[in-house]
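These notes concern the structure reproduced below.
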Amino acid sequence: MEVIGTLEALRARLRGEPAIACVPTMGNIHQGHLSLVRIACEHAPLVVTTIFVNRLQFGANEDFDGYPRTFEDDCDSLERAGNAIVFHPNESQMYPEPQVFTVEPPAVANKLEGRFRPGHFRGVATVVLKLFNMVQPHYAVFGKKDYQQISIVRHMVEQLALPVRIIPAETVRADDGLALSSRNRYLTAEQRSEAPRLNSVLRRVREQVEAGDRNFEAIEFAADAELARHGWHVDYVVVRSRRTLMQPGARERELVVLGAAKLGNTRLIDNLEILAPA
Ligand code: PAF
């Protein structure tokens with residue numbers, strides 16, 4: 001596997017490649033990322049995984065410096081998964097000067113995650129656009145675990161006519177349902193055994209909606225209360241339109257339930273797609 005650190009070397013290496021699939025990451029690679037790499041391998045003969053901890057998407061109260069950086073282990077895992085190239089620019093390669101041109105996503109970026117992480121999606125959209133310009137992939141694979149992220153990236157690609165196809169990948173879960181995340185490592189043993197409740201509460205919401213209940217407010221309230229009863233600090237559990245991530249229209253069927261809640265200091269997110277009955 002090749003590791004490339006500069007844009008110049010990346011461009012030279014990728015020149016003339018007929019099909020490239022990209023997996024953008026911030027490192028701390030786990031099975032969830034590796035499944036994205038495997039999906040990328042199905043779409044193109046050359047897979048480029050990017051590892052860059054993007055300062056722009058961290059809020060003032062978020063621990064950019066403390067974000068786990070595990071580059072050597074990441075490379076070992078990526079190589080075993082069939083990844084061909086790791087693009088690992090440092091801060092001065094990525095942002096040689098303050099990034100004053102940014103991508104301003106639409107208002108939905110200030111809701112859900114954006115409400116609790118102001119400016120987060122501006123940082124994500126900006127770095128993703130920049131990585132796309134650097135790698136110039138034909139395909140890019142993103143996990144559905146970050147549902148709002150993939151939704152915003154898809155919209156950006158569509159509106160800016162970027163020549164890349166976004167491939168959504170299902171969330172990888174532990175056997176007990178907990179979505180894999182770099183943040184799970186911060187859970188104590190006790191919190192780790194409580195953590196799958198987020199997924200089970202979302203599954204209950206899905207069952208209710210799929211059984212025909214459209215009283216979303218009551219369903220969301222009960223889900224929130226169930227988590228709070230077990231010591232979670234809930235940011236949101238909401239049923240939204242998959243298309244807009246806004247309140248679903250009266251007959252809209254393609255929905256998603258999204259949840260974000262904290263166990264101690266660790267904030268977990270999860271979601272499940274729902275197909276409501278006609
Ligand atoms: O999902 C992530 O790891 C990051 O938000 C991304 C897409 C790599 C941008 O920094």
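None of the figures in this text is laboratory data; all of them are computed from the coordinates on show. Predicted model, so just to flag it, every value in this text is computed and none were measured. Heads up, the Cβs are rebuilt from the backbone with ideal geometry, glycines too, and the neighbour counts pull from every protein chain shown.
To the nearest ten degrees, helix 71-80 and the longest principal axis of the Cα atoms of the chain are 90 degrees apart. Tell me the angle of helix 197-210 to the major Cα principal axis of the chain, expressed in degrees between 0 and 90 and rounded to the nearest ten. Tilt of helix 197-210: around 70 degrees. Between the helical axis of 120-135 and the longest alpha-carbon principal axis of the chain there is an angle of about 30 degrees. Listed values for the range 162-177 are Karplus-derived 3J(HN,Hα) couplings in whole Hz (6.51 cos²θ - 1.76 cosθ + 1.60, θ = phi - 60°), namely 6, x, 9, 9, 8, 10, x, 10, 4, 5, 8, 10, 5, 4, 8, x, and x replaces Gly and Pro.
Normalising by the residue count of the chain, find the relative contact order in percent from Cα pairs under 8 Å and 6+ residues apart. It comes to 17 percent, rounded to a whole number. Evaluated with a Cβ-only charge set (Lys, Arg +1; Asp, Glu -1), the range 179-278 carries a dipole of roughly 280 debye about its Cα centre, given to the nearest 20. Across the alpha-carbon set of the chain, the Rg to Rh ratio works out to 0.97, Rh being the Kirkwood radius.
Counting only Cβ charges, +1 for Lys and Arg and -1 for Asp and Glu, the dipole size of the chain around its Cα centre is about 540 debye.
If the chain linking residue 254 and residue 55 were pulled fully straight, counting 0.36 nm for each residue of separation and taking away their Cα-Cα distance, it would gain 68.2 nm.
In a reduced charge model with +1 at each Lys and Arg Cβ and -1 at each Asp and Glu Cβ, the range 1-96 shows a dipole moment near 340 debye about its Cα centre.
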